[in-house]
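A short write-up of the structure that comes next.
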Amino acid sequence: MNKSARMEQIEVLRFELEVLKREHRDLDEAIHALEDRGTGDMLTLRRLKKQKLNLKDKIVVLEDRIFPDIIA
C-alpha cells in the first residue's frame, strides 16, 4: 500500500472514530437523563449500557488501528 492510500485510509478511520465517539457520548447522555428522571425501565437502561459498551469496544479497535502501539 502506498503512502497516499495509507493516509486516506487513516482519514476514513478517524472519521469513523469521531462518529462512534459521538454516538457513545449521545448514549451516555441518554442513559444519564433516563436515570436522573427515573423514567427508564431497567431493561431499557441495560440495553443502552450494553450498546454503549459495544461502541467503546469498536472505538478501542479503531484507535489501535490509527495509533498502533509501537515499542521502540
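The values are calculated or read from the model by the stated rules, or taken from the named source; none is laboratory data. Predicted model only: the values in this text are computed from it and were never measured. Here the Cβ is made from the backbone with ideal geometry for all residues, glycine too, and neighbour counts use every protein chain on show.
Data overview
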{"item": "Within the range 47-72, considering residues that are within 18 Å of D26 (Cα to Cα) and in contact with a helix residue (DSSP H, G or I) (Cβ under 9 Å, 6 or more places away or on another chain), the one surrounded by the most Cβ atoms within 10 Å (Cβ to Cβ)", "result": "L55"}
{"item": "Complete set of residues in the range 17-46 that are surrounded by 15 or more Cβ atoms within 10 Å (Cβ to Cβ) and either within 13 Å of K58 (Cβ to Cβ) or touching a residue at least 40 places away in the same chain (Cβ under 8 Å) (or both)", "result": "L17, L20, K21, E23, H24, L27"}
{"item": "The range 1-30, residues that are in contact with a helix residue (DSSP H, G or I) (Cβ under 8 Å, 6 or more places away or on another chain) and of a type in the set (K, R)", "result": "R14, K21"}
{"item": "Answer residue from the range 1-16, given it is under 16 Å from V60 (Cα atoms) and of a type in the set (A, V, I, L, M, F, W, C) and is modelled with the lowest pLDDT among those", "result": "I10"}
{"item": "Every residue from the range 1-40 that is assigned to a helix (DSSP H, G or I) and of a type in the set (S, T, Y)", "result": "S4"}
